[in-house]
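Undergrad: Here you go, one structure.
Bear in mind that the values in this text are calculations on the coordinates, not laboratory data. Predicted, not measured: the structure shown is a model, and the values here were computed from it. Virtual Cβ from ideal backbone geometry, glycine too; neighbours counted across all protein chains shown.
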Amino acid sequence: MLIDIHTHKHAEPDQGTLAIPNVIVSKDSVYRTPCSAGIHPWYIDSDFDLQFETLRQYQSKDGVIAVGECGLDKMTSTPWEKQVYAFEKQIELANQINKPLIIHCVRAYSEVFTSLTAKQNKVPVLIHGFAKNWELAKTLLKHGYYFSLGPNILKGAMTEVIQNIPLDRLFLETDDKDTKISEIYAYFCRARKLPLEQLEQQIMLNFKKVFNYTI
Ligand SMILES: [Zn+2]
């Protein structure tokens with residue numbers, strides 16, 4: 001079983017794949033579970049309180065297994081204070097309901113860390129779509145975070161991360177791309193010189209552990 005931990009496609013996945021669709025509150029609804037649901041920093045409503053209440057309702061549904069994607073993005077036009085407020089509210093929520101956080105982070109790793117620390121985060125943190133270098137990955141690993149690598153790895157610039165990342169901290173995803181999750185698994189296995197079966201088993205273990213989900 002291949003796990004696509006983060007996709008914006010809400011259609012039924014291919015056979016042999018467990019795909020976790022991401023619900024962006026006030027853009028998508030909860031169509032099928034398991035899914036994740038959060039308030040994306042690009043899509044923070046002017047009435048944030050209402051949007052947050054909708055998220056809270058989604059999170060009470062069975063099969064909504066994570067809060068996010070949520071986070072901080074230095075390349076978007078959403079005002080910074082609004083982003084920090086929305087992110088920290090979601091960190092609080094995740095800790096209240098004890099679900100992992102799926103994080104969207106663009107050029108704001110130290111600020112993400114600051115918010116998580118300020119809110120005394122205790123739940124698992126998954127940095128989704130990680131596409132930076134091994135130096136940064138090492139720092140984030142020290143904080144205990146998990147990583148999800150996406151279609152970006154197919155471009156060939158992430159060999160050092162692929163070769164060194166501890167497999168018990170790893171997930172794979174397709175995000176908003178049409179790439180098949182099987183291509184990403186296959187590429188990772190080639191670059192890491194790892195049998196596919198071993199990777200499948202490890203990511204399944206990670207999934208059960210982090211998302212507390214039984215298949
Ligand atoms: Zn996404």
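Undergrad: Pop out the ³J(HN,Hα) list for region 12-21 in order, Karplus 6.51 cos²θ - 1.76 cosθ + 1.60 with θ = phi - 60°, rounded to Hz; leave Gly and Pro as x.
TA: The phi angles translate into 4, x, 4, 4, x, 10, 9, 10, 9, x Hz.
Undergrad: Then there is this: Tell me the angle of helix 48-59 to the major Cα principal axis of the chain, expressed in degrees between 0 and 90 and rounded to the nearest ten.
TA: Taking the Cα atoms of the chain, the angle to 48-59 is about 50 degrees.
Undergrad: With springs only between Cα atoms under 10 Å, which of Ser46, Ser182, Ser29 fluctuates most in a Gaussian network model of the chain?
TA: Greatest mean-square fluctuation among the candidates belongs to Ser46.
Undergrad: Would you please give the FRET efficiency between Thr159 and Arg107, computed as 1/(1 + (r/R0)^6) with r the Cβ-Cβ distance and R0 = 25 Å, to the nearest 0.05?
TA: Efficiency, rounded to the nearest 0.05: 0.65.
Undergrad: Right, another one. Which FRET efficiency value, to the nearest 0.05, do you get for Lys61 and Lys138 by plugging their Cβ-Cβ distance into 1/(1 + (r/R0)^6) with R0 = 25 Å?
TA: Using R0 = 25 Å, I get an efficiency of 0.10.
Undergrad: Just to confirm the number: angle between the C-alpha axis of helix 181-192 and the first principal axis of the chain, 0 to 90 degrees, nearest 10?
TA: 60 degrees
Undergrad: For Ser182, project a label point 7 Å along Cα to C-beta. Then give me every residue of region 14-55 with its amide nitrogen under 13 Å of that point.
TA: So the set is 14-18.
Undergrad: Expressed in nm to one decimal, what extension gain is obtained for the pair Arg32 and Ser77 from 0.36 nm per residue of sequence separation less their Cα-Cα distance?
TA: 13.1 nm
Undergrad: In whole angstrom, note down how far apart the Cα centers of region 166-215 and region 11-77 are.
TA: Result: 21 Å between the Cα centres.
Undergrad: With runs of 4+ DSSP H residues as the only contributors, calculate the mean residue ellipticity of the chain at 222 nm using -39,500 (n - 2.57) per run, divided by the residue total and rounded to the nearest 500.
TA: -12000 deg cm²/dmol
Undergrad: To continue, here is another question. Can you list which of the trypsin sites (Lys or Arg not before Pro) found in region 1-58 are DSSP loop residues with at most 14 other C-beta atoms within 10 Å?
TA: Within region 1-58, the qualifying trypsin sites (Lys or Arg not before Pro) (loop, at most 14 other Cβ atoms within 10 Å) are Lys27, Arg32.
Undergrad: Of all the C-alpha pairs in the chain, what % are more than 27 Å from each other?
TA: 26 percent
Undergrad: Length gain on complete extension for the stretch Leu194 to Ala131, per 0.36 nm per residue less the alpha carbon to alpha carbon distance?
TA: Between Leu194 and Ala131, full extension yields an extra 20.6 nm.
Undergrad: Cα axis of helix 196-211 to longest principal axis of the chain: angle in degrees, 0 to 90, nearest 10?
TA: Tilt relative to the chain: about 20 degrees.
Undergrad: Any lysines with Cα under 16 Å of the Lys180 Cα? List them, leaving off those in the same chain fewer than 8 positions away.
TA: Within the straight-line limit of under 16 Å, Lys180 reaches these lysines: Lys9, Lys155.
Undergrad: Could you give the length gained by full extension between Gln15 and Glu53, i.e. 0.36 nm per residue of separation minus their alpha carbon distance, to one decimal place?
TA: 10.2 nm
Undergrad: If you don't mind, another one. Report ³J(HN,Hα) in whole Hz for each residue of region 116-121, in order, from the Karplus equation J = 6.51 cos²θ - 1.76 cosθ + 1.60 where θ = phi - 60°; Gly and Pro get x.
TA: 4, 6, 4, 8, 6, 4
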